[in-house]
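Below is one structure; the comments refer to it alone.
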Amino acid sequence: MKNMAQKVRRMPDNGMTGRISEPKIFVLDTNVVLHDHNAIFNFQENDVYIPVTVIEELDKFKKGDDNLGYNARYFVRELDKISCNTLFDKGIRIGKGRGLIKIEMGHPYTEQIKASLMDDIPDHRIIATAMWLHQNNPDRKVILVTKDVNMRLKAKALGLMAQDYLSDKVEEKKIVRTEKETICVRNAPDWVYGTLSEGNTIDLDRSGIKRKPFSNQLFRFISGKNTVLARYDGDTRKIVRVSPGTAYGISARNDEQAFALDAVLNPKIKLVSLTGMAGSGKTLLALAGALEQAERYGQIILTRPVIPLKQEPEFLAGNISEKTGPYMLPLFDNLDVIRNRFGKESREAEEIEKMLRTEKLVISPLAFVRGRSLNNVFFIVDEAQNLTPHEVKTIITRAGEGTKMVFTGDIYQIDQPYLDINSNGLTHLGESFRGKQIFEHVNLVRGERSELSVLAGKLL
């Protein structure tokens with residue numbers, strides 16, 4: 001884990017004293033555990049301290065049906081398994097080659113903390129525990145690990161080292177690479193353009209491409225004023241044409257949309273990630289592609305995580321449908337766009353209504369479809385940048401025979417407070433599956449909703 005649990009260098013201090021450097025002490029905040037229930041195994045031979053306040057906070061989450069509840073339950077069970085019949089007072093070895101884990105009881109606020117942090121809240125009690133460890137272990141580095149930026153700032157202001165949980169962050173250069181991977185081949189030979197334009201394939205060895213592309217690498221071949229889109233098929237080792245397609249009345253308006261629609265409609269590609277700014281057509285293309293292939297799948301599920309700005313859904317008035325309805329409106333808006341292409345009285349509009357009535361087409365919050373076995377389903381996850389890597393993994397591992405999954409989102413517009421461009425599940429998906437034959441990633445760079453929407457996306 002970069003910049004965090006680096007292997008401790010067992011070297012004499014200054015080459016003179018012969019003293020061996022001690023392992024670091026990492027103090028974990030509650031949000032780290034809720035983000036990754038396996039976090040304690042990612043600190044190598046350094047020691048991990050869990051403030052008792054964290055255990056108290058996890059107790060509030062353990063009954064939940066969402067991913068936070070699962071992580072809380074998993075973590076406390078893992079702690080119980082590690083401890084077995086041993087007490088935590090002196091620490092317990094986490095595993096071979098790893099450090100100790102200890103539940104640290106609460107400690108009084110220092111005078112500086114009392115004067116600076118007025119409220120008696122869990123965050124401040126965790127900081128107080130980390131500060132006590134810092135003051136009572138002068139020969140060791142004590143580092144508070146939290147995904148809460150404000151908490152890190154408070155700790156640093158008090159003279160306590162603090163940092164983000166870094167084990168699941170993707171390097172910035174890899175994100176840029178993933179988002180800009182379409183290769184533009186300028187001055188392509190006329191025969192290449194002609195062959196692809198006629199729908200024929202080109203052997204990779206004859207394409208003139210010097211570096212071997214990865215599976216589903218995307219290309220623009222430019223010959224004079226003409227451009228043809230293509231994709232590398234890793235199974236056949238051929239360059240194949242990507243045609244600007246149409247699905248259920250929705251046509252591609254630019255090159256990236258053509259790539260996206262091709263991926264959504266391609267039965268050989270079982271997993272697709274579509275990223276891009278608001279209004280670029282990610283969800284609309286995924287839904288249109290699903291409807292176009294409705295006969296191939298037993299069910300179409302369109303879902304998104306509920307990220308409320310102020311109140312959790314369980315505290316809102318009304319039944320489940322009324323509570324979550326406002327969060328699902330953007331998905332219904334995309335469905336309305338498709339219906340309006342044909343007219344409300346059209347056969348296609350009636351077919352959509354029938355699919356909704358019979359639950360052939362389901363639009364639902366992600367929390368209500370977790371735990372299902374997804375067999376022969378076209379599964380679309382919108383706003384996937386608000387999911388953790390573990391949540392994305394959990395969803396994909398539910399895929400049964402005949403299922404296709406499409407994840408859409410904007411990695412630069414994240415509403416989940418403890419995720420960022422480097423650590424969200426959509427970013428991890430693109431990096432982890434890059435080059436796999438069953439996966440394709442497309443970054444849609446142009447907004448097509450309206451001139452106003454495009455301008456706002458660029459300027460604001």
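The values are calculated or read from the model by the stated rules, or taken from the named source; none is laboratory data. Quick caveat, the model's predicted, so the values are computed rather than measured. In this analysis, Cβ positions are derived from the backbone assuming ideal geometry, glycine residues included, and neighbour counts consider all displayed protein chains. Side chains are part of the model used for accessible areas, which takes the heavy atoms of the whole protein and leaves out ligands, DNA and RNA. Shrake-Rupley method; radii C 1.70, N 1.55, O 1.52, S 1.80 Å.
The table that follows gives values for the structure above.
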read-out: F259 being outside any loop (DSSP other than H, G, I, E, B), farther than 30 Å from L419 by Cα and open to solvent by less than 10 Å² (accessible area, probe 1.4 Å); value: no
read-out: Search result, residues across segment 391-404 that are under 14 Å from the mean Cα position of the chain (by Cα) and within 25 Å of L444 (Cα to Cα); value: E391, V392, K393, I395, I396
read-out: Entirely in segment 353-438, the strands (runs of 3 or more DSSP E) that have 2 or more residues that are farther than 23 Å from I269 by Cα, touching a strand residue (DSSP E or B) at 6+ places or on another chain (Cβ under 7 Å) and at pLDDT below 90; value: 361-365
read-out: Failed item, numbered, when G447 is tested on (1) assigned to a loop (DSSP other than H, G, I, E, B); (2) more than 28 Å from K268 (Cβ to Cβ); (3) at pLDDT 90 or above; value: (3)
read-out: Candidates K62, K24, K114, K81 - the one that is farther than 22 Å from L166 by Cα and touching a residue at least 12 places away in the same chain (Cβ under 8 Å); value: K62
read-out: Failed criterion for D205 (all others in (1) more than 27 Å from N424 (Cβ to Cβ); (2) part of a strand (DSSP E or B); (3) open to solvent by 10 Å² or more (accessible area, probe 1.4 Å) hold); value: (2)
read-out: Helices (runs of 4 or more DSSP H) (entirely within segment 38-153) containing at least 2 residues that are hydroxyl-bearing (S, T, Y) and open to solvent by 40 Å² or more (accessible area, probe 1.4 Å); value: 67-83
read-out: Of all residues making up segment 372-385, the number that are over 11 Å from L302 (Cα atoms) and either open to solvent by less than 10 Å² (accessible area, probe 1.4 Å) or out of contact with any Lys or Arg (no Cβ under 8 Å at 6 or more places or on another chain) (or both); value: 5
read-out: Search result, residues across segment 272-283 that are surrounded by 21 or more Cβ atoms within 10 Å (Cβ to Cβ) and farther than 12 Å from F407 by Cα; value: S280, G281
read-out: Tally, over segment 272-296, of residues that are over 22 Å from R241 (Cβ atoms), outside any helix (DSSP H, G or I) and hydrophobic (A, V, I, L, M, F, W, C); value: 2
